[in-house]
Amino acid sequence: MLRSQVVAAAVAVLLVSGGCASMDSGAGGGKMTLDRIKATKTIALGYRQSSVPFSSAGPDGKPIGYSIDLCTKVAEDLRKDLAMPDLQIKWVPVSVENRINAVRSGTIDLECGSTTNTISRQKEVDFSLTTFVTGGSLLALREATQTLTDLKGLRIAVIPGTTTERTLQEAVKGAPGQVQLIPVKDHAEGRAALENKTADAYASDRDILIGLALSAPNPGRFALGDRYFSYEPYGLMMRRGDVDFRLAVNRTLARLYRSGDVLDIYQRWFGSLGGTPALLIATYAIEGLPE
């Protein structure tokens with residue numbers, strides 16, 4: 001059902017747009033990364049060690065997660081497209097502090113994490129097609145989710161002084177009924193407020209909420225609201241101006257989106273929290289560019 005939604009939405013988008021897609025040719029770079037990959041028979045992929053469920057070290061120490069699966073698909077397609085069945089993946093751990101420099105310096109060819117594509121970051125690196133859409137959202141116990149749509153009378157736990165608190169304050173100004181914001185000191189206390197039923201919902205970045213739910217003893221007890229209070233599009237980072245490599249990465253992602261195969265990856269890492277959000281379905285449809 002979801003797979004057909006993605007394909008149908010993609011067709012609708014292409015019909016409206018006339019099937020046209022502009023492509024920035026970039027500047028310089030040429031086949032820099034692909035040439036290096038061919039010469040070394042290795043692609044260096046950066047990963048975060050604790051960005052659950054996007055990119056983290058699994059129980060055996062090997063990288064796992066949604067973004068890891070996407071990057072692995074890129075490597076698989078390069079093996080076929082470059083006729084290099086012996087192409088190896090070199091996994092390189094990166095942090096929030098060094099991930100951009102790791103891309104710029106060539107330490108990694110592609111960053112597979114949870115990095116937001118912003119205009120300021122585009123001064124330093126290039127990004128792939130959008131891989132995920134997140135932002136400020138709400139987590140609740142599954143039996144309480146019927147109130148998340150209109151926020152009516154909700155007690156919402158939130159960490160004071162965060163951007164989430166500021167955007168949430170703006171969002172609830174027009175909500176019917178009184179909304180009570182309950183201060184908590186950290187994410188763990190926010191989830192505990194739900195479990196103890198001293199709050200009806202906990203507000204934070206959606207991906208953080210997903211990680212909180214998935215790391216709980218019973219992830220299926222939780223559900224996410226569809227509402228966003230801010231917008232953060234994730235992408236895979238790579239060096240600026242390396243046009244052919246960017247096209248190779250985007251070709252893989254577009255294939256996954258057009259076919260709907262990306263939904264299998266989504267379900268693997270987020271399925272326990274319910275269906276694929278409508279905003280992400282639309283993102284896959286829009287980014288599933290024709291070949």
Item to complete: Would you mind getting me the FRET efficiency between R155 and E97? Use the beta-carbon distance for r and R0 = 41 Å, nearest 0.05.
Response: 0.70
Fill in: Set of aspartates and glutamates with alpha-carbon distance to K73 below 16 Å, sequence-local pairs under 8 removed
D81, D86, D109, E111, D261, D264
Worksheet, complete the sentence: Here the net charge surrounding G106, from other residues whose Cβ is less than 13 Å away from its Cβ (Lys, Arg +1; Asp, Glu -1), is +1
Practice prompt. Quote the FRET efficiency, to the nearest 0.05, computed for T42 versus T167 with a Förster distance R0 of 35 Å and r equal to the Cβ-Cβ distance.
Written response: 0.25
Worksheet entry | Long-range HN-HN contacts of V92 with modeled amide H, under 5 Å | L45, G46, Y47
Discussion item. Could you work out the pair-distance distribution P(r) of the chain from its alpha-carbon pairs, with 5 angstrom bin width and percents rounded to whole numbers?
Written reply: 1, 5, 11, 15, 16, 16, 13, 10, 6, 4, 2, 0, 0
Discussion item. Taking the alpha-carbon distance from K80 and a cut-off under 30 Å, which lysines remain once sequence neighbours fewer than 8 residues away in the same chain are dropped?
Written reply: K31, K38, K41, K62, K90
Worksheet item: Roughly what % antiparallel, to the nearest 5, for the DSSP beta bridges in region 136-224?
Response: 55 percent
Worksheet item: Where Lys and Arg each count +1 and Asp and Glu each count -1, what net charge lies around T134 among other residues with Cβ under 13 Å from its Cβ?
Response: -2
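Counting other C-beta atoms within 10 Å, which of V96, V125 has the fewest, and how do the rest follow?
Listing V96, V125 from fewest to most nearby Cβ atoms yields V96, V125.
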Worksheet item: If you stretched the chain out fully between T116 and S50, how much longer would it get, using 0.36 nm times the residue separation minus the C-alpha to C-alpha distance?
Response: 22.1 nm
Worksheet item: Within straight cross-link reach of K152, meaning Cα distance under 18 Å, which aspartates and glutamates are found once same-chain residues fewer than 8 apart are removed?
Response: E143, E165, E170, D200, D226
Worksheet item: For the peptides 195-203, 235-243, what is the packing order when you average, over each peptide's residues, the other Cβ atoms within 10 Å and list the highest mean first?
Response: 235-243, 195-203
Worksheet item: Compactness ratio of region 136-224: Cα Rg over 2.2 N^0.38 Å, N = residue count?
Response: 0.97
Worksheet entry | Helix-only CD estimate at 222 nm, as mean residue ellipticity for the chain, using -39500 (n - 2.57) per DSSP H run (n ≥ 4) | -11500 deg cm²/dmol
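Coordinate-derived values only; no laboratory data. Keep in mind that this is a model prediction, so the values were computed, not measured. FYI the Cβ positions are ideal-geometry reconstructions off the backbone, even for glycines, and counts take in every protein chain you see.
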